[in-house]
Amino acid sequence: MAILKEKVIDIHHWTDKTFSFKTTRNLSFRFKNGEFAMIGLEIDDKPLLRAYSVVSPNHEDHLEFLSIKVPNGPLTSKLQHIDINNEILINSKSTGTLVCDYLLPGRNLYLFSTGTGLAPFMSIVRDPETYEKFENVILTHTVRTIKELAYKDLLQNLNHDDTYSYVTKGKFEYFNTVTREKWERTGRITEWIKNKNLWDAVKKEKFDPELDRVMICGSEEMTYELKKIFESFGSKEGSTKVQGGFVIEKAFAEK
Ligand SMILES: Cc1cc2nc3c(=O)[nH]c(=O)nc-3n(C[C@H](O)[C@H](O)[C@H](O)COP(=O)(O)OP(=O)(O)OC[C@H]3O[C@@H](n4cnc5c(N)ncnc54)[C@H](O)[C@@H]3O)c2cc1C
């Protein structure tokens, strides 16, 4: 295990609450798509690191992260001001439960996210192996405002993208919802599952716990509610040790 020093090569501010950035990648840094690593900045001569899911798939030669901007947050109050060529510290050990191998084989893979919980799924939906393991991949992303739909254009185009369409075409479905603005689809994802027939909306068969698999990444409340829903459908939670019907990771720790 080592702390690698990478350089910022690109920055994109989505809103006043979120931004994403790319860094160089030392190829000795290995990770499974869906995992997170501890990354951060050197502050007062000490590394200040936080858990971050890797947005970029593991076959790319750079790394990308999607970040919240927490006012007065020890790391992100500084990280949000990074510039090209600034140094980012990355702990070489990655880990996490949102990995396809921790799910039983299946038909449809549902990836449910809110806010920055989208990050781990950005690497999974661009991993050709995901489409070898599952017939269809359905990604949902729920945020408060339309502008917070990070990577919306990339995701809307993934079925037609020059690089990925040979694996994603006809297999990938992107479904976003917004909770605090008028939009084509509004409301929380739990409402869509319970009352609005999500399965019809994404043009898929009704959820079958024997065949369909789920990954969940979002706030504590969202992960708790979805866990209860999928358990009530008869799905069992998996882990790094035992494959299951669904796996969960909180997108951040509440304090
Ligand atoms: C497994 C795991 C993976 C994570 N992946 C990411 C990621 O990919 N991108 C990312 O931005 N953060 C991610 N986080 C959260 C991240 O580790 C930090 O908490 C975040 O960067 C803020 O750091 P901070 O030092 O500024 O504030 P902190 O002291 O860490 O957080 C202060 C408060 O801000 C709120 N908060 C923190 N992170 C978020 C968030 N992402 N969304 C909404 N509210 C938040 C919480 O209420 C928290 O108590 C992850 C956390 C975990 C446990």
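Of note:
- For the chain: relative contact order, % (alpha-carbon pairs under 8 angstrom, 6 or more apart): 19 percent
- Computed on protein heavy atoms with a 1.4 Å probe, the accessible areas place H160, H59 in the order H160, H59, largest first.
- GNM remark for the chain: springs join alpha carbons under 10 Å apart, and the peak mean-square fluctuation among E237, E173, E225 falls on E225.
- Within-11-Å neighbourhood charge of G40 [Cβ basis; K, R +1; D, E -1]: +1
- Packing, taken as the mean count of other beta carbons within 10 Å per residue, orders the peptides 226-232, 26-32 from highest to lowest as 226-232, 26-32.
- Across segment 116-132, coupling constants 3J(HN,Hα) worked out from phi with the 6.51/-1.76/1.60 Karplus curve, θ = phi - 60°, read 6, x, 5, 3, x, 6, 5, 7, 5, 6, 10, 9, x, 5, 4, 7, 7 Hz, and Gly and Pro carry x.
- For the set K228/K250; K171/K241; K147/K169; K17/K194, the pairs lying more than 22 angstrom apart at their alpha carbons are K171/K241; K147/K169; K17/K194.
- Karplus 3J(HN,Hα) series, Hz, for segment 198-210 with 6.51 cos²θ - 1.76 cosθ + 1.60 (x for Gly, Pro): 3, 4, 5, 4, 9, 6, 10, 4, 4, 4, 10, x, 6
- Per-residue HN-Hα couplings for segment 16-24 [Karplus 6.51, -1.76, 1.60; θ = phi - 60°; Hz; x = Gly/Pro]: 6, 10, 9, 8, 10, 8, 10, 10, 5
- The charge dipole of the chain, taken about the Cα centre with unit charges on the Cβ atoms of Lys, Arg (+1) and Asp, Glu (-1), comes to about 440 debye, rounded to the nearest 20.
- Calculated log₁₀ intensity ratio I(q)/I(0) where the Debye formula runs over C-alpha points of segment 1-56, q = 0.12, 0.18, 0.19, 0.28 Å⁻¹: -0.32, -0.74, -0.82, -1.45
- Each 10 Å bin, from zero up to the one with the longest distance, holds this percent of the alpha carbon pairs of segment 1-105: 15, 49, 29, 6, 1.
- Looking at segment 95-197, the pairs of alpha carbons with a distance over 23 Å make up 27% of the total.
- Those lysines that a straight Cα-Cα span of less than 19 Å connects to K46, excepting residues fewer than 8 apart in one chain: K5, K7, K78, K93
- Stokes-Einstein translational diffusion, segment 16-165 - Kirkwood Rh over all Cα pairs, 1.306 mPa s, 10 °C, in µm²/s: 97 µm²/s
- Taking the Kirkwood radius as Rh and the Cα radius of gyration as Rg, segment 122-255 has a ratio of Rg/Rh equal to 0.94.
- The equivalent ellipsoid that matches the C-alpha gyration tensor of the chain spans semi-axes of 29, 20, 18 angstrom, in descending order.
The values are calculated or read from the model by the stated rules, or taken from the named source; none is laboratory data. For clarity, every value in this text was computed on a predicted model and none was experimentally measured. Note that each Cβ is placed from the backbone with ideal geometry, even for glycine, and that neighbours are counted across all protein chains shown. Accessible surface areas use protein heavy atoms only, side chains included; no ligands, DNA or RNA. Shrake-Rupley method; radii C 1.70, N 1.55, O 1.52, S 1.80 Å.
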